[in-house]
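Below: one structure, written as structure tokens.
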Amino acid sequence: MCEFYKIECQLFIVFLVKKSNLAIQLLMLSQTSKVINKPKFFCIFETLINTMSEEKVILVDTNDEAIGLMEKMAAHEQALLHRAFSVFVLNDKNEVMLQQRAAQKYHSPLLWTNTCCSHQRPGESNILAGKRRLMEEMGFVTDLKELFHFIYKAPFDNGLTEHELDHVMIGRYNDEPVINKEEVEDWKWMKIEDIKDDMTAHPERYTVWFKIIFDEFYHYLESHKI
């Protein structure tokens, strides 16, 4: 039953799907103590709990045509090409918001990477997927614009492989994020040239995929105005 009784000021619900390391965070503000019977918001949440016991990725061909679904871990184990996205958020100084991955992440913990990355869900547009993940990881939403997409393949030390058709998006934001500590350890603004220089001097500080994606992003900026 999707019923909630005597909901007071702030009810914070966190649901962690352990198999996929997916944290779904919902914040509801209410000033009522009345019985709420089947509110649409929570029925959607209940559906997510029931259907997302294992996150799936969209398998694609090299033209980004969907050819099937597969559990995320299995796709990474088999190095199968799947749809993904990467978001770069910049401020008015053209600094990039970087995140440091949380210590408990199952791969690449505590490494620095772009603002957020993830996988589209079935029926979800690239832009909506990017906004969703921004909120889930960084606690804010901003308008996004897709710049380009490309295919890359990057093995991890733990035997998994990222093989993605990656849609790279950009957004603008000047405030501080409200990071989800299940996903993000820390964050910072960093100038594009400083990222390039530090990545060359200390490549071990950055995720494997960010080094690949940043190179594509940097070369895109050389020939395009953003």
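The values are calculated or read from the model by the stated rules, or taken from the named source; none is laboratory data. Just so we're clear, the structure is a prediction, and the values are computed from it rather than from any experiment. Note that we place each Cβ from the backbone using ideal geometry, even for glycine, and neighbour counts take in every protein chain shown. With ligands, DNA and RNA removed, areas are computed over all heavy atoms of the protein, side chains included. Shrake-Rupley method; radii C 1.70, N 1.55, O 1.52, S 1.80 Å.
Some points to look at:
- Rolling a 1.4 angstrom probe over the protein heavy atoms with all chains in place gives region 57-127 an accessible area of 39 Å² per residue.
- Cross-link pairs beyond the 25 Å C-alpha cut-off, checked among 93/211; 145/191; 131/181; 72/93: 72/93
- Chain lengthening between residue 226 and residue 121 when straightened (0.36 nm per residue, less Cα-Cα): 35.1 nm
- Once both labels are positioned 7 Å from their Cα atoms along Cα-to-Cβ, the gap between residue 174 and residue 132 label points is 3.1 nm.
- Cα gyration tensor category, rounded, prolate or oblate, for region 162-202 with a/c compared to 1.5: rounded
- With both labels modelled 7 Å from their Cα along Cα-to-Cβ, the residue 94 to residue 190 distance reads 1.8 nm.
- Taken along the Cα-to-beta-carbon direction at a fixed 7 Å, the label points for residue 158 and residue 77 span 1.3 nm.
- Rounded to the nearest 0.05, the FRET efficiency derived from the C-beta distance between residue 145 and residue 211 at R0 = 25 Å is 0.60.
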